[in-house]
Amino acid sequence: MRHIISILLENESGALSRVAGLFSARAYNIESLTVAPTEDPSLSRMTLVTSGSAEIIEQITKQLNKLIDVVKLNDLNVSHVQHLEREMMLIKVKAPVSARDEIMRLSGIFRGNIIDVTDDAYTVELTGTSDKLNAFIASFDCDSILETVRSGVMGIARGSSALHL
Amino acid sequence: MELSGAEIIAQFLKDEDVEYLFGYPGGAVLHIYDALLRADSVKHILVRHEQAATHAADGYARSTGRTGVALVTSGPGMTNAVTGIATAYLDSIPLVVLTGQVPTAVIGSDAFQEVDSVGISRPCVKHNFLVKDVKDLAETLKKAFYVASTGRPGPVVVDIPKNVTDPNIKIPYSHMASIDMRSYNPVTKGHPFQIKKALELMLNAKKPVFYTGGGVVLSNASASLRSLVQQLGFPITSTLMGLGAYPSSDEQFLGMLGMHGTYEANMAMHDTDVLIAVGARFDDRVTGHLEQFCPDAKIIHIDIDPSSISKTVQVDIPIVGDVDDVLTTMLELLKGSDSSSEAKGSDSSDGQALKDWWKQIKQWRKKNCLRYNKKTKSIKPQFVVEKLHEVTQGDAYITSDVGQHQMFTAQYYGFDEPRRWINSGGLGTMGFGLPAAMGVQLAHLDKTVACVTGEGSIQMNIQELATCMQYQLPIKIINLNNRYLGMVRQWQEFFYEGRYAMSYMDSIPDFVKLAESYGHVGMQIDQTSDVEDALKEAFAMKDKLVFIDFITNREENVYPMIATGKGQHEMELAPDSELV
């Protein structure tokens, strides 16, 4: 099963490589991983998407907790937690005159923003669940996509419960 | 007090009461060595190879329970130390390894003797640090000692660039008594509800067995384990790493379990209904084929490391906590319960079942699975170990290398006290024995220390004979020389139709002359009848290192054996022709 794990870790050099190293050393999956400092500059917030059986996910969270740089973590895919997740994508597509209306229409439907326009290409910014981004990509002909860049998933629990110190 | 980085290190080690620093100088640590020489703080032991520095610090730590400390230079100094660091990591030994590094200004430029020490050591340390500023040095060292020695212990590497130890940059220093880390708060106390639940299950068990490991030794829980096991009257078996925590000579002890464990221990594991795992980690050498591991058992697991629990085997009642703390709580609960005043064994609510269980175990014991033919002319390695026990009255500190001699020592020495059996269990590092023995001997100057080894393993760190001479370490080296890499040969005999690919050692040195060339005493023994006298003679030389080269039976095998992929009950015992 797919799990989103939110991690607060010390904002120190090497902290990211400890997490990445753990996953490769123990042959766990990483689907996506995103990390940036929080409002407290001494802490980074990481969102890690992985998959595995319940036993493997339990080991993953235990092994992550064992890393000295990990201050705190939450598995967002457990029964008592409801969560929100978002991923951001920038997608650059070919935009010949004949296609421009359709790109704008699709962007509208998916609530994307066109953030760069040139003679032959548009860049669309889109935020949502991974499924939504996939659906947007699928609505284009492969040949017309010049480039995509995705942030990886960010997750947060619903309500007032929060991952903080 | 205003000190340079190098002086801070020297002063810090003194303030932490570090007794010995095992090390080897080099370019990146010259400032540190200069400060050490002038500070007269810790005693520095100059090894002959950095791997030995980490093994010696490790041996010191295993035999004392204190943190072992090593100092090596950057680049090859650090990479040589890695095997010792990984050895300590796999067996959860508290170690602080200080590694020199090129100056911060040139890190990343492929400078002379530069390696990414933090990157290389990351997968085999509990934690590591790169100190980029002398202002962080004292606090980082404090953190390193704290992390290494608390929770589930382990090695910590502190990488120190040369400019951080610059003698011309002095900053105020004062020793911190303790340190808090927001991201590191190891659990110590077990959950009371879980402990109670476990005890209830234990008291209702019909065929219980204790399975104890290195965690008991690390937690100094030997006394509480002995009380609990004796009060309950349950059988107990131990892993390779846990030997000595419970006395081998006690009637309730079934011997070691696992691949080369005793028949009775492995059969009891297979048939048990309540398994009490204490400070053990269900290693593959213990469990055998996982599907067939303890098929009928409810499993209680006490361990300080949550990630050890249900890692390979799902357990029914996990207790995360310090082993000694949990066992002590169990003892208190037992005291409070009504039945505690009755005779031994009756704590179990089903005394008759326990009696039947012991009856069954006695049947298994009758197999006498460690029997071997003692009347051969050529020397049996088992016989040497048994005689070693006799001559040292079972009171020696014994280190070993890795292979058949290690298993024979575990099976036949009979350890009665914890921290006496010093071996590389998890990583299985050949070359560990001699340098580890140096650390043990330094920690226990007036005690008997022996290193049981083989002609393969001993040559992996033979250069340390020089260190032993320099510091007058009267270690006794028991070399079980069968002219084969014995364990490799055994596997080739069993699983490769006797094709001995590269397991035969040619050009073996004359160990007597070799020992003598370093200034030690060498002996060679090739008759069974001479074994005892030779050992007596060697151990009578209290102030000398004696290297005894025992020419042993060439194709001796370690039995019993559970082949890879087999269940615990599918042991192979020594063929009858071997027995008398």
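The values are calculated or read from the model by the stated rules, or taken from the named source; none is laboratory data. Remember, predicted model here, so these are calculated numbers, not experimental data. Note that each Cβ is placed from the backbone with ideal geometry, even for glycine, and that neighbours are counted across all protein chains shown.
Any residue at all in region A:108-121 that is exposed (fewer than 11 other Cβ atoms within 10 Å of the Cβ), polar (S, T, N, Q) and not in a loop (DSSP other than H, G, I, E, B)? Looking through region A:108-121, none of the residues is exposed (fewer than 11 other Cβ atoms within 10 Å of the Cβ), polar (S, T, N, Q) and not in a loop (DSSP other than H, G, I, E, B). Of the strands (runs of 3 or more DSSP E) lying entirely inside region B:3-74, those containing at least 1 residues that are among the small types (Gly, Ala, Ser) and more than 23 Å from residue B:418 (Cβ to Cβ) span B:20-23, B:68-72. Against the numbered list (1) within 14 Å of chain A (Cβ to nearest Cβ); (2) out of contact with any His (no Cβ under 7 Å at 6 or more places or on another chain); (3) buried (at least 21 other Cβ atoms within 10 Å of the Cβ), residue B:309 comes up short only at (2).
Of all the residues in region B:102-136, those that are part of a loop (DSSP other than H, G, I, E, B), within 14 Å of chain A (Cβ to nearest Cβ) and either at pLDDT below 95 or crowded, with 21+ Cβ neighbours inside 10 Å (or both) number 3. Within region A:12-24, residues that are facing chain B (nearest Cβ under 9 Å) have Cβ atoms under 6 Å from residues that are among the basic types (Lys, Arg) and not in a loop (DSSP other than H, G, I, E, B) in these pairs: A:21/B:122, counting only partners at least 6 apart in sequence or on another chain. Taking the criterion of being at positive phi and within 26 Å of the chain's Cα centre (by Cα), the only residue of region B:70-107 that qualifies is B:92.
Please state which of the following conditions residue A:125 fails to meet, knowing it meets all the rest: (1) over 18 Å from the mean Cα position of the chain (by Cα); (2) surrounded by fewer than 16 Cβ atoms within 10 Å (Cβ to Cβ); (3) at pLDDT 95 or above. Going through the list (1) over 18 Å from the mean Cα position of the chain (by Cα); (2) surrounded by fewer than 16 Cβ atoms within 10 Å (Cβ to Cβ); (3) at pLDDT 95 or above, residue A:125 breaks only (1).
From the list B:271, B:296, which one is at pLDDT below 95, more than 19 Å from the chain's Cα centre (by Cα) and under 25 Å from residue B:563 (Cβ atoms)? Even if it seems obvious, please write down each step before you answer.
Values: B:271 fails: at pLDDT below 95.
Residue meeting the stated conditions: B:296.
Being under 28 Å from residue A:51 (Cα atoms) and either surrounded by 18 or more Cβ atoms within 10 Å (Cβ to Cβ) or free of Cβ contacts under 8 Å to residues at least 40 places away in the same chain (or both) is a property that holds for residue A:76. Taking region B:1-15 as the range and being surrounded by fewer than 19 Cβ atoms within 10 Å (Cβ to Cβ) and touching a helix residue (DSSP H, G or I) at 6+ places or on another chain (Cβ under 9 Å) as the test, the residues that pass are B:1, B:14. Go through (1) of a type outside the set (S, T, N, Q); (2) assigned to a helix (DSSP H, G or I); (3) free of Cβ contacts under 8 Å to residues at least 40 places away in the same chain for residue B:506 and report which single condition fails. The single condition residue B:506 does not satisfy is (2). Kindly establish whether residue B:244 is in contact with an Asp or Glu (Cβ under 9 Å, 6 or more places away or on another chain) and outside any loop (DSSP other than H, G, I, E, B). So residue B:244 does not fit the description; no. Only strands (runs of 3 or more DSSP E) whose full extent lies in region A:28-85 are considered here, and the ones with at least 1 residues that are closer than 21 Å to residue A:165 by Cβ, away from chain B (no Cβ under 14 Å) and among the small types (Gly, Ala, Ser) are A:32-37. Of the candidates B:254, B:290, the single residue that is within 14 Å of chain A (Cβ to nearest Cβ) and touching an Asp or Glu at 6+ places or on another chain (Cβ under 9 Å) is B:290. Listed conditions (1) more than 10 Å from chain B (Cβ to nearest Cβ); (2) aliphatic (A, V, I, L, M); (3) outside any helix (DSSP H, G or I) are all met by residue A:9, apart from (1). The number of residues in region A:18-27 being outside any helix (DSSP H, G or I) and in contact with a Pro (Cβ under 8 Å, 6 or more places away or on another chain) comes to 0. Which residues, counting only those in region B:453-503, are basic (Lys, Arg) and in contact (Cβ under 8 Å) with a residue 40 or more places away in the chain? The answer is B:476, B:483, B:489.
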